[in-house]
Amino acid sequence: APRSQILEALNKDSHNLHAEMLLREVGLRRRNVGSVEAGIEEMRDFLEETGLSPWEFYLSDASGLSRKNLVSPAGTVRLLRAMNDSEHRQVWLNSLPVGGEDGTLDWRFSRSLAKGRVRAKTGTLSHVTALAGYATALDGRELTFAVFVNNFGVSTSYVRNLLDEMIVEAVSGP
């Protein structure tokens, strides 16, 4: 399948197996070794090229399921801005779920002013909830955001609703 379709499956529907296989494919194509280690080395190089400092991230897998993975929200925003400014911008944006419309955000934001105005990737582990991407405010401003919440002692749905309320508030404007 074309990479654009692979990215859509990976981002819109959060297919973790696709992410792990793509990591190995990147390692094979760029370093002639189809391994996790080669793929992670390539990802590290890419992140540093986009402006992230090595202390802003630690990578253990491609799917984000390992608790060893670490990335700062500021580093994530820098990566999102670099992708938005890249020659692959449209393919990247098309791969992200749209709030209230499709993928992992199909029901989120569906009854709010943010419907259709948010393109973002979700991330969830037990006691970890994340949302990072782009939003278009009602006044036309383009926003880039990354919100990570971990070690919480309340329900995941409660935290997810708070995250969504934050994004709706940002879209609504001052």
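The values are calculated or read from the model by the stated rules, or taken from the named source; none is laboratory data. Here the structure is a predicted model, which means the values were calculated and not measured. Methodologically, a virtual Cβ is constructed for each residue, glycine included, from the backbone with ideal geometry; neighbour enumeration extends over all protein chains shown. To get the accessible areas, we keep the full protein, side chains included, count just its heavy atoms, and leave off ligands, DNA and RNA. Shrake-Rupley method; radii C 1.70, N 1.55, O 1.52, S 1.80 Å.
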Only one of (1) free of Cβ contacts under 8 Å to residues at least 40 places away in the same chain; (2) open to solvent by 50 Å² or more (accessible area, probe 1.4 Å); (3) closer than 19 Å to Gln5 by Cα; (4) of a type in the set (S, T, N, Q) is not met by Asn151, so which one is it?
(3)
The lone condition Gly140 fails out of (1) part of a helix (DSSP H, G or I); (2) open to solvent by 20 Å² or more (accessible area, probe 1.4 Å) is (1)
Residue by residue through region 109-132, note down the ones that are at pLDDT 95 or above, more than 11 Å from Pro97 (Cα to Cα) and part of a loop (DSSP other than H, G, I, E, B).
Phe109, Ser110, Arg111, Ser112, Leu113, Ala114, Lys115
Which residues, counting only those in region 67-79, are of a type in the set (A, V, I, L, M, F, W, C) and either in contact with a Lys or Arg (Cβ under 9 Å, 6 or more places away or on another chain) or within 15 Å of Met43 (Cβ to Cβ) (or both)?
Leu70, Val71, Leu79
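Here's the yes/no breakdown for (1) touching a residue at least 60 places away in the same chain (Cβ under 8 Å); (2) open to solvent by 30 Å² or more (accessible area, probe 1.4 Å):
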| position | (1), (2) |
| --- | --- |
| Ser60 | no, yes |
| Ser63 | no, no |
| Val77 | yes, no |
| Leu80 | yes, no |
| Leu96 | yes, no |
| Glu101 | no, yes |
| Thr124 | no, yes |
Failed item in (1) over 19 Å from Thr144 (Cβ atoms); (2) under 16 Å from the mean Cα position of the chain (by Cα); (3) surrounded by fewer than 17 Cβ atoms within 10 Å (Cβ to Cβ); (4) at pLDDT below 95, with Lys68 passing the rest:
(2)
For region 8-35, the count of residues that are open to solvent by less than 90 Å² (accessible area, probe 1.4 Å), in a helix (DSSP H, G or I), over 14 Å from Phe46 (Cβ atoms) and among the hydrophobic types (A, V, I, L, M, F, W, C) equals 4
Of the numbered conditions (1) under 18 Å from the mean Cα position of the chain (by Cα); (2) assigned to a helix (DSSP H, G or I), Tyr158 fails exactly one; give the number of that condition.
(1)
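Restricting the search to region 113-122, which residues are of a type outside the set (D, E, K, R), farther than 15 Å from Ala9 by Cβ and surrounded by 18 or more Cβ atoms within 10 Å (Cβ to Cβ)? Show your work before the answer.
First, pick out the residues of region 113-122 that are of a type outside the set (D, E, K, R): 113-114, 116, 118, 120, 122.
Remaining after also requiring farther than 15 Å from Ala9 by Cβ: 113-114, 116, 118, 120.
Listed by number, the residues that qualify are Ala114, Val118, Ala120.
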Qualifying positions in region 123-145 - under 18 Å from Asp13 (Cα atoms) and among the hydroxyl-bearing types (Ser, Thr, Tyr):
Thr124, Thr129, Tyr134
